[in-house]
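Below is one structure, written out as structure tokens; comments come after it.
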Amino acid sequence: MEREEVLFGVLGPVTAENRSGPIALKGPRHRAVLARLIVARRRVVPVARLVADLWTDSPPPGAVGAVQTFVAALRRALEPDRPPRAPARLLVTEGPGYALRAAPDAVDAWRFETAIGEAAELPPARALPRLDEALELWRGPAYADFAHEEWVRGERARLAELRLRSVERRADAQLALGLAAEAVPDLDAHLADHPWREDAWRLLALALYRTDRQGDALAVLRRARSTLVEQLGVDPGPGLRRLEADILAQDPALGATAGQAGQAGQAGPTETAARLWTRAAAAYDRTVAAGARARLETTVGLLRDLAVTGGGGLTAVREHRMAAVAAAEEFGDPVLTGRVIGAFDVPAIWTRGDDPELARQIVAAAERTLAALPPPDVSGVSGASGVSGVVSRTSHADGTYDAVRCRLLATVAVETRGSHSSRGPQAARQAEAIARRLDDPALLAFALNGAFMQSFTRAGLAPRRAEIGAELVALGARHGLVTYEVLGHLISLQAYGALGDFRSADTHATAADRLAARHELPLVGVFTRWYGALRLAASGDLAGAGPAYESAAADLPDAGMPGLTHGLLPLALLSLRFADGPRVPARDAVDPAADWGPYRPWITPLAALASGDRPAARTALRALPDPPRDLLYEACCCLEATAALELGDRAVLTRVRDRLLPASAELAGAGSGLLTLGPVSRYLTAITSALRD
């Protein structure tokens, strides 16, 4: 029997229809069950979760039976021709609950997301009709029947933000196509309902200017300033300030559309970009006073952009970043200082810092600024001590203090990577809690980077990092946060490598390379080339892995990442000697004169054993510190275990066994995405046998 297609609508009141027309969904709880299953996106929702969501106060005694009744009624409505006792094909029972196995294009919200995702990859002429098609799917606020339900709040907010961004992308496409007059009415209406969206103000002013309404364009920008200052207590951002200056200067570049620019001369894109950069920099120098706050914040933005361009950029950033922070502190304004510190939200993937002293200074400045901010308001919050005094209700208009506080905490979490202090994990938790409450995608991405950096408090946390990676990929793709989307793919690559799921890791490596090529992010290739060498080693091609590691290492001196570089190649080549399990390598593999960098303490006992000096090996083994909390935590533990097995040191073996047990299903070191010492289970088996004997 042919399966009848059912289409679902959630961009407005929740609806369902088939080829015969609308489907009657009975009462509000029936629609609530359907909506809750759509929110889950084909995943199973346990019955207990449905009960908790449908009855938020106290579920009645027969709540489970009621849910089963609602589901049965929905099945009859959605699949009216299904024979008695035949299994449902759409609303299915699986495990502890139910799932709606709707087709990828059967829900209007899913079609909307697909359309705007495709539009982002298209030139303006093709993107515009795709965006029109996407926006026409909206019939009202998403999940309009359930506006006050907690279980749908996040999804409603996410879809609403996507819609607002799509309206602005549509206007951007119109401007690029020379349709400025057509863009004005829609932008005007858009801002009437959403007056805090700075990019919409920018687009409206630019559209007015291009329709020869210079006075109206300036009036719009001044209205934007008034709205932002009076209602939110914040000044317009650099984009609006630069546009106002360019309009006053009647900069010719403001009148160029994509089509006009393509007809201007025969210069290549590189020369065109260079001229635009020079002209914009000159205009900025003319219009922004030296030493002004705006110039300081813009400087940090440039440093942030510079950091992702390659080795030279990273080196320059380390030279100037603390100077920018010190300059901000001179103003005596903790909000400004917090913005300058927190604006450096450069995605970080390697868990050992490149400049420990700079990191210490940045953390100290962030802590000083946190202390100088007004204390968070937790009045009326039940169990305020449980949130460590950070998750405030709102401390300043729209939560400006909270946003600054979140960025400072995320900075602390990122810059204390690898530390054994409890401050980093605490700051990461606080930053994530604030970002989720403020529902700010960029803040959440930064906070999740901090959470990733602090996800090494023990072995075996690769599944948690896989969750962080997946959320960053989704967040970056939805909100145009490209560098965080790339970060999510690299984190996922590492996590799936640790779990031995190289098919998934390969997919993320390919996605990261594709985005890096499209957006000129050269540092990504450093990690994916090392991953390629790891793949050879993990597949047993040791002869190919060695040259691949040496080739990948050739890129490291120019990468500007000393925290990654030092000691990595010798360690990677040594890892190939562990293909058959824990065994002290030959002397040539653990040359004490090699550059072992930060891994030397774990190499010293093995080098002594390889040379036959067991007393020195025992002394070095007993002197080992706790492994740093980073991507090579399990690898260091396994090196320690190898020496302890050879020496029969029961105390060390017991300690290492306890550390490694949570990672028993992982590949040691593969969580780095760079190298592996083989399955952790091999080491645990050897330790268990040694302790028993």
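The values are calculated or read from the model by the stated rules, or taken from the named source; none is laboratory data. All values reported here derive from a predicted model rather than from experimental measurement. Please note: Cβ atoms are built from the backbone with ideal geometry, for glycine as well, and neighbour counts cover all protein chains shown. We work out accessible area using only protein heavy atoms, side chains counted, and drop any ligands, DNA or RNA first. Shrake-Rupley method; radii C 1.70, N 1.55, O 1.52, S 1.80 Å.
Observations on the model:
- Exposed-site-free run, longest, the chain (rule: GluC sites (Glu not before Pro); DSSP loop; at most 15 other C-beta within 10 Å): 137-329
- A simple count of charges around Arg352, restricted to other residues whose Cβ falls under 13 Å of its Cβ and scoring Lys, Arg +1 and Asp, Glu -1, yields -2.
- Loop chymotrypsin sites (Phe, Trp or Tyr not before Pro), segment 310-374 (other Cβ atoms within 10 Å of the site Cβ: 16 or fewer; DSSP): Phe331
- For segment 619-642 versus segment 553-594, the spacing of their alpha-carbon centroids is 15 Å.
- Percent carbon-and-sulfur accessible area, the chain, ignoring ligands, DNA and RNA, probe 1.4 Å: 53 percent
- Cα-projected label distance for Glu133 with Glu121, points at 7 Å along beta-carbon direction, nm: 1.4 nm
- Qualifying trypsin sites (Lys or Arg not before Pro) for segment 48-128 [loop in DSSP, other Cβ within 10 Å: at most 15]: Arg85, Arg89, Arg101
- Full-stretch length increase - Arg19, Asp591 - with 0.36 nm per residue and alpha-carbon distance subtracted: 198.5 nm
- Here the calculated FRET efficiency for Ser664 and Gln361, from their Cβ-Cβ distance with R0 = 30 Å, stands at 0.15, rounded to the nearest 0.05.
- What separates the Cα centres of segment 58-131 and segment 397-468 is a distance of 33 Å.
- Taking every protein chain into account, the accessible area of segment 507-639 amounts to 42 square angstrom per residue (probe 1.4 Å).
- Mean residue ellipticity at 222 nm, helices only, the chain: -19500 deg cm²/dmol; runs of at least 4 DSSP H residues each add -39,500 (n - 2.57), and the sum is divided by the number of residues.
- Across segment 611-668, C-alpha contacts under 8 Å between residues 6 or more apart give a mean separation that, scaled by the residue count, equals a relative contact order of 35 percent.
- Accessible area in square angstrom per residue, segment 40-85, 1.4 angstrom probe: 58 Å²
- Relative contact order of the chain, taken over Cα pairs closer than 8 Å and 6 or more residues apart, is 8 percent.
- Under-5 Å amide H pairs with Val107, H placed in peptide plane, nonlocal only: Phe8
- Inter-label distance for Thr510 and His420, nm, one decimal - labels placed 7 Å from Cα along Cα-to-Cβ: 4.3 nm
- Across segment 641-693, C-alpha contacts under 8 Å between residues 6 or more apart give a mean separation that, scaled by the residue count, equals a relative contact order of 37 percent.
- Annotation for segment 599-649: trypsin sites (Lys or Arg not before Pro) lying in DSSP loop with at most 11 further Cβ atoms inside 10 Å of their Cβ do not exist.
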